[in-house]
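Report on the structure given below.
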Amino acid sequence: MKRVLITGAAGFIGSHLAERLLARGDRVVAVDEFNDYYDPRVKRANISEASRNERYTLYEIDICNEALLREVFAKETPEVVVHLAARAGVRPSVEDPNLYHRVNVIGGQHVLDACRDFEPSHLVFASSSSVYGGSTDVPFRETDPVMRPVSPYAATKRMNELQAHVYSHLYGLNVTMLRFFTVYGPRQRPDMAIYKFTRLILDGKPVPMFGDGSTQRDYTYIDDIIDGLVRCVDRPFRYEIFNLGEQHTTSLRDLIDLVARHCGKQAIIEPRPLQAGDVSITYADIEHARALLGYAPRFSMDEGVGRFVEWFKTKDEG
């Protein structure tokens, strides 16, 4: 049994990870501030099952409040820390870069300082595929230069990687950085594409398609991401970066068609111009994660989107 502290524990990825760890007998120390980036009631619903488990403890605090965060570390003395809390989203970061810097960079610094002082066995830290910027040299490899981010969000995640490397070098902190590639599935944030497309198609409303539909993403089903995360919880590294993706790409137009097919309705396309911070492609090389973690994604887009739409319909019925 491990004692694992998860920041952002009520979010999409965090709530799934908590359930997986509880199911195998671990203790989960959950930290979340329930901010209003999207409806906090959604996040409370995310943790409804986990919160009934006696091995689940929730602290409603902001990681930017360093004193409160350190109190949690002092009381709970976690063996492993998984830092998922962040302001997410490329487009909103363009509108409010200061907020993204405060939460992601300064909040991330507080987590690193707490890990340095309270000495968990290791820290697993969420990064993002956005650090690859507008690169078209695909597939993206962890050894690629990532010096030209194209959004404030991407810049904060690259800064997190650099911050963590400093702490690994100076203090011997074991850190695993995970570059997630467009995670989707049940409970995903309402502002994410697959969620929005499903809702609009089922409601018979127009679906915004930014650009000509040719942009491509490496979409990763939540169960595969959780598998990679758990493998990192169980194995410390001094400092490693891993891509967690599916190693396949889907164009925006094909994604809309796929969602529409599973909804059983035709999509009404509403063309719109590309938005600031958008990139033409994301595509993960996962050989490093396969070799060191045994990471092997199992879910195709067809199966994953089908599972999401089924969940979405059930959620609405409930």
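The values are calculated or read from the model by the stated rules, or taken from the named source; none is laboratory data. On a predicted model such as this, the values are computed, not experimentally measured, just so you know. Cβ placement follows ideal geometry from the backbone for every residue including glycine, while neighbour counts extend to all protein chains displayed.
Miscellaneous remarks
- Only one of the numbered conditions (1) within 20 Å of the chain's Cα centre (by Cα); (2) loosely packed, with under 13 Cβ neighbours inside 10 Å is violated by K315, and that is (1).
- Residue list for segment 185-220, filter: under 18 Å from the mean Cα position of the chain (by Cα) and in a strand (DSSP E or B): R217, T220
- Residues being buried (at least 18 other Cβ atoms within 10 Å of the Cβ) and touching a strand residue (DSSP E or B) at 6+ places or on another chain (Cβ under 7 Å) - total across segment 270-284: 4
- Check on E95, among the charged types (D, E, K, R) and without any contact (Cβ under 8 Å) to a residue 12 or more places away in the chain: yes
- In segment 244-255, the residues that are under 9 Å from R217 (Cβ atoms) reach residues that are surrounded by fewer than 23 Cβ atoms within 10 Å (Cβ to Cβ) and among the polar types (S, T, N, Q) with C-beta atoms within less than 9 angstrom, at least six apart or across chains, in these pairs: T249/Q216; T250/Q216; S251/S214; S251/T215; S251/Q216; L252/S214; L252/T215; L252/Q216.
- Only one entry of A50, A86 meets the criterion of being surrounded by 17 or more Cβ atoms within 10 Å (Cβ to Cβ) and either in contact with a Leu (Cβ under 9 Å, 6 or more places away or on another chain) or not hydrophobic (A, V, I, L, M, F, W, C) (or both), and that entry is A50.
- Some residue of segment 268-280 being under 22 Å from the mean Cα position of the chain (by Cα) and at pLDDT 95 or above: no
- Filtered by the rule that a residue be over 20 Å from the mean Cα position of the chain (by Cα) and aromatic (F, W, Y), segment 60-102 gives a lone residue, F73.
- Enumeration of residues in segment 301-318 that are at pLDDT 90 or above and of a type outside the set (V, I, T): M301, D302, E303, G304, G306, R307, F308, E310, W311, F312, K313
- Pairs where the first residue, in segment 36-52, is closer than 9 Å to S15 by Cβ and the second is β-branched (V, I, T) and surrounded by 13 or more Cβ atoms within 10 Å (Cβ to Cβ), C-beta under 9 Å, 6+ apart: A50/V28
- Test: residue in segment 221-235 that is modelled with pLDDT under 95 and outside any loop (DSSP other than H, G, I, E, B): no
- Pairs linking a residue in segment 103-117 that is more than 14 Å from S168 (Cα to Cα) to a residue that is among the aromatic types (F, W, Y) and in a helix (DSSP H, G or I), with Cβ atoms under 9 Å and 6 or more positions apart or on different chains, are N104/Y153.
- Counted residues, segment 112-140 - those being within 27 Å of A284 (Cα to Cα), more than 15 Å from the chain's Cα centre (by Cα) and surrounded by 15 or more Cβ atoms within 10 Å (Cβ to Cβ): 9
- Here the condition is being buried (at least 23 other Cβ atoms within 10 Å of the Cβ), outside any strand (DSSP E or B), out of contact with any Phe, Trp or Tyr (no Cβ under 6 Å at 6 or more places or on another chain) and not basic (K, R); of A260, A154, it holds for A154 alone.
- Residue within segment 23-35 that is part of a strand (DSSP E or B), of a type in the set (A, V, I, L, M), over 17 Å from I225 (Cβ atoms) and in contact (Cβ under 8 Å) with a residue 60 or more places away in the chain present: no
- Failed item in (1) at pLDDT below 95; (2) within 22 Å of F73 (Cβ to Cβ), with G134 passing the rest: (2)
- Flag for L162 being at pLDDT 95 or above, at negative phi, aliphatic (A, V, I, L, M) and surrounded by fewer than 21 Cβ atoms within 10 Å (Cβ to Cβ): yes
- Pair list, Cβ < 9 Å and 6+ apart or interchain, from segment 205-216 residues that are loosely packed, with under 15 Cβ neighbours inside 10 Å to residues that are outside any loop (DSSP other than H, G, I, E, B) and among the small types (G, A, S): S214/S251
- Residues (assigned to a loop (DSSP other than H, G, I, E, B), of a type in the set (D, E, K, R) and under 19 Å from F140 (Cα atoms)) located in segment 236-247: E246
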